[in-house]
Amino acid sequence: MANSQPEDGPPSKRKRLNMPTKRGVANIVTSVQNLLRNSQSNPIGGRDLFGPTKIDTKILEQTMAEKIHRTKILTMNKCQNCSGLEDMRMNAADPAKLKEINEQKLKHSEEMRQTRSVFGILDDRCRENNGILVIRIDGASNKATKIPILAYKPKSIVDANRISYTMTGVQVPTNGSTKFQTSCYMNLCDRYKKGSSYYFSLVLDFLVKLDKMPTKLFIIADNASPNKSDELLAGYGYLLQSVPNLKSVTLVNNLVGHSHNELDGYFGVMNQHLSTKTIFSTTDYDNELKKIKSTREVNNVYNVYDMSGLKSNVVHILNRGTHHQLHLFKDDKNVIMQCVAEYATTEAFEKLCNNSDQIPLFKDQNIVTQFVAPIVIPELVETEKSLRRLFKSGQGFFKHSHQQSILNHLKNYKSEDFEDTIKQLRDKPAYPLFVTTTTSETVTQYLERHGYIATNLPKPLVVQKSK
Ligand SMILES: [Zn+2]
């Protein structure tokens, strides 16, 4: 997210460079220095091949940083607000207007900063293990999610013949040696269509593997339409109605251009790790992912359910998608309700808790009770064609074991009944409630009752009378 903030002027004029730019510059400086060290003198003549053997790294940093920085900025998707304000800033005619625009930019940055701190607080609450579960979910870019991965490139295996092996990460905050852990859900040749039902099914799978059922579930994702559709809400509404221990589900979708988070950090580590490897099979690919310290598990076989049959029963709200926070909960009569907030700021959270604009999620709760989601059977016809093409072009490179690994993977899928999966969730124990009552005695009161002088008890405020 830090990268997505607007920057003022070229880096040479700013006090600090951001981390990715710094790293880019450092890599280039090191490479140039190594190059100079290894090619210092010309063995034939007496003159140096590359001129000076020492370079002024400061000058190199200054000249390179701006170029690297600009390239990074231009290739990133920017948020509409940031782009609009930046355009206004460039065209601002007088200093008063410029000041006004800069104030708006600060305000916007503050809103985005608050969202990040809200996520930080939620992550910490999740680590306290008291019933709050925070999940980040997103798909890795297709940069490293293809098979084969080749450190050397035979001419016969063209890029178009490589098959996709996409990965969706489900990440949670943890207390261990890594601050987050990521479960990888692999999808060979996109045999499962990605969309709301797919993402919902991955979260179900993740929940089934937990020891206890969370009380409050927070899902952080980007602002793509499958992350806030009626189909997705139908899934989480169903879950709330069927699992008594789960009390609320909050979907927090980041603003485009500000969605970079800890899960993208994992994808970066993953791309780096795979970039030097040669991989010809799904098994070898999975094994490489398992070597990454913050990998929780790698899943190939999991249930995917189709929730689309329930979406027509969701009360469709116009403009709901323009909000970035959707909150589902049960009211006093156990009716699933929905409410919204613009961004995930602390203010918005307070408003969500006391929101009077609550609307029932479902048109008819009875339909929900009777609903059974069908199991999705992966699509194989196109996939088999792609595989045949790949094995032919990579003849000799793909060993029998590689081919077998991929074919086995393709035909293997889970088909557990929807009711059974939901029952497993319903049977999970809840987290013990942390009970606080205002009437209970404080430690100070307890000590005073036993005749000790303890910390001063808070006394009512009294205005001092003027003498
Ligand atoms: Zn922005």
Fill in: Qualifying residue in segment 296-313 (condition: in contact with an Asp or Glu (Cβ under 8 Å, 6 or more places away or on another chain), farther than 30 Å from Ser177 by Cβ and within 16 Å of the ligand (Cβ to nearest atom))
no
Item to complete: Taking Asp222 as meeting all but one of (1) of a type outside the set (Lys, Arg); (2) buried (at least 21 other Cβ atoms within 10 Å of the Cβ); (3) under 20 Å from Ala341 (Cα atoms); (4) under 12 Å from the mean Cα position of the chain (by Cα), write down the number of the exception.
Response: (2)
Practice prompt. Inspect all residues belonging to segment 293-303 and state whether any of them is under 19 Å from Phe119 (Cβ atoms), aliphatic (A, V, I, L, M), assigned by TED's automatic domain parsing to the domain that holds Val172 and at pLDDT 95 or above.
Written response: no
Practice prompt. Being assigned to a helix (DSSP H, G or I) and buried (at least 20 other Cβ atoms within 10 Å of the Cβ) is the filter here, so list the residues in segment 296-310 that pass it.
Written response: Leu310
Worksheet item: Looking at segment 90-127, which of its residues are of a type in the set (D, E, K, R), away from the ligand (no atom under 13 Å from the Cβ) and more than 20 Å from the chain's Cα centre (by Cα)?
Response: Asp94, Lys97, Lys99, Glu100, Glu103
Worksheet item: If you take the residues in segment 253-277 that are touching a helix residue (DSSP H, G or I) at 6+ places or on another chain (Cβ under 9 Å) and of a type in the set (S, T, N, Q), which one is nearest to Val298 (Cα to Cα)?
Response: Asn261
Discussion item. Take the residues in segment 255-290 that are assigned to a helix (DSSP H, G or I) and β-branched (Val, Ile, Thr); name whichever of them is farthest from Ser401 (Cα to Cα).
Written reply: Val269
Practice prompt. Looking only at segment 127-180, count how many residues are in contact with a helix residue (DSSP H, G or I) (Cβ under 9 Å, 6 or more places away or on another chain), under 20 Å from Pro214 (Cα atoms) and of a type in the set (D, E, K, R).
Written response: 2
Item to complete: Inspect all residues belonging to segment 113-131 and state whether any of them is closer than 18 Å to Phe206 by Cβ and of a type in the set (Val, Ile, Thr).
Response: no
Worksheet item: For Glu128, are the conditions met, namely being out of contact with any strand residue (DSSP E or B) (no Cβ under 9 Å at 6 or more places or on another chain) and without any contact (Cβ under 8 Å) to a residue 12 or more places away in the chain?
Response: yes
Discussion item. Condition first: in a helix (DSSP H, G or I), closer than 19 Å to Asn161 by Cβ and touching an Asp or Glu at 6+ places or on another chain (Cβ under 9 Å). Can you find one or more residues in segment 390-401 that meet it?
Written reply: no
Discussion item. Any residue that is within 30 Å of Gly396 (Cβ to Cβ), buried (at least 18 other Cβ atoms within 10 Å of the Cβ) and either within 14 Å of the chain's Cα centre (by Cα) or within 16 Å of the ligand (Cβ to nearest atom) (or both) - is there at least one of those in segment 135-146?
Written reply: yes
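The values are calculated or read from the model by the stated rules, or taken from the named source; none is laboratory data. The shown structure was predicted, so the numbers you read here are calculated from the model rather than taken from an experiment. All Cβ positions, glycine included, derive from the backbone under ideal geometry; neighbour counts span all protein chains shown.
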